[in-house]
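The values are calculated or read from the model by the stated rules, or taken from the named source; none is laboratory data. Note that the structure is predicted; figures quoted are calculated from it, not measured. Reconstructed Cβ throughout: ideal geometry from the backbone, glycine too, with neighbour counts over all protein chains shown.
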């Protein structure tokens, strides 16, 4: 809370705005200040959100290797405990280890700029990809398609007189997280770019050419691609397009094969299963071996060349691993390797004091493997944060292990922390957002003091 605010008046205003009643001195405040004003670093930095569509398995990314239940419930897909070899997990501390495919990120952990919250998620379980992704993108449940995305709302909020943050999305044509009244820039790739005619619009094409006017390899590749009707900066080669097409087809076929079992578990009527299986493949996307890294490269170039862009969005699909998930090798390991390279690419361009990269997914996977050597739709999941003012080299929040009695519905990791509470810590510290702005961007959320160590103190 800032020194010029009156605490009681501010608290009443926030409570009224969220439809809650003040229940006395013992009632928790919505945005209780984590520490005295001025103790947290207040940077005017940049935020990049990476959404992993399809619900990635955080229990494989950050392996609870000292938990015996992890191994007993995952006899085929568990990542082996650290022993120094390249096929086992990489020890982070006495509780968690890193998937070997994410080994390029180990230096970030050692430098203290990579941290994670192991059990975060939606306030209430939601096992539908579509509904959960939408809820996470608008930062509230039970709303319709007219609701603005929280990144769009953040783009329209001025904090302490600082210029309004501008937002950029690379990859998707119209992500819900960026939908709303605030003006944002969208650079779609592949078929999405073709449908929206990105480069067919002279003004948009010229703006992109101006941004890619440098002599670096990315700029040269973009200009060559644009000149030959390659529909976005992402599509830099016919090889990538061919790989993407093959993987999209494979994803659709896999979704169709697995559709009945998956959708039955989610309570979908059988008459709509085939249609929803196709939608599932389209929504979650195909795992692309180079897409995220190139998207990250383009996002970094655009935001480096235009400093008014302070909010960025990327997404990656292919994380719905119901069958043949693999362990140290396999489809999940491949995806994690691609993700690691994408994060390292982002780190190159977003390493200033106030920059933060957040990685999240709509929900996690079940603690136990299924009969197809995969995992089903879960609840809580690991949420990553990378940045100089992130108190990294450690994990944050509550962790209760994988004993059956500690699991949500005896099957999946609980979401001990509302994902919006994690975002609130970042937005307050890095964008100097006052309580009223946080309540607008993340309506209905509460300050979580258990995460107070997430941001470094000055």
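Taking every residue in region 314-330 that is on the phi > 0 side of the Ramachandran plot and modelled with pLDDT under 95 and pairing it with any residue that is surrounded by 20 or more Cβ atoms within 10 Å (Cβ to Cβ) and not in a loop (DSSP other than H, G, I, E, B), at least 6 positions away or on another chain, the pairs with Cβ-Cβ distances below 7 Å are 318/251; 318/284; 318/335. In the condition set (1) modelled with pLDDT under 95; (2) surrounded by fewer than 24 Cβ atoms within 10 Å (Cβ to Cβ); (3) in contact with a strand residue (DSSP E or B) (Cβ under 7 Å, 6 or more places away or on another chain); (4) closer than 27 Å to residue 389 by Cβ, residue 123 is compliant with all but (1).
What is the one condition in (1) closer than 14 Å to residue 60 by Cα; (2) surrounded by fewer than 24 Cβ atoms within 10 Å (Cβ to Cβ); (3) in contact with a helix residue (DSSP H, G or I) (Cβ under 7 Å, 6 or more places away or on another chain) that residue 300 does not satisfy? The failed condition is (1). Among helices (runs of 4 or more DSSP H) entirely within region 27-114, having at least 3 residues that are more than 22 Å from residue 292 (Cα to Cα) and at pLDDT 95 or above singles out 68-72.
Taking each residue of region 135-148 that is assigned by TED's automatic domain parsing to the domain that holds residue 55 and looking for partners that are surrounded by fewer than 16 Cβ atoms within 10 Å (Cβ to Cβ) and not in a helix (DSSP H, G or I) with beta-carbon atoms closer than 6 Å, six or more apart or interchain, yields 135/141.
State the number of residues belonging to region 69-93 that are over 15 Å from residue 333 (Cβ atoms) and either surrounded by fewer than 11 Cβ atoms within 10 Å (Cβ to Cβ) or not assigned by TED's automatic domain parsing to the domain that holds residue 407 (or both). Result for region 69-93: 3. Out of 385, 407, 346, one residue alone is in contact with a strand residue (DSSP E or B) (Cβ under 8 Å, 6 or more places away or on another chain), in the same structural domain as residue 93 (by TED's automatic domain parsing), within 15 Å of residue 120 (Cα to Cα) and surrounded by 19 or more Cβ atoms within 10 Å (Cβ to Cβ). It is 385.
Looking at region 410-445, which of the residues that are part of a loop (DSSP other than H, G, I, E, B) and in contact with a strand residue (DSSP E or B) (Cβ under 7 Å, 6 or more places away or on another chain) is surrounded by the fewest Cβ atoms within 10 Å (Cβ to Cβ)? Among residues in region 410-445 that are part of a loop (DSSP other than H, G, I, E, B) and in contact with a strand residue (DSSP E or B) (Cβ under 7 Å, 6 or more places away or on another chain), the one surrounded by the fewest Cβ atoms within 10 Å (Cβ to Cβ) is 411.
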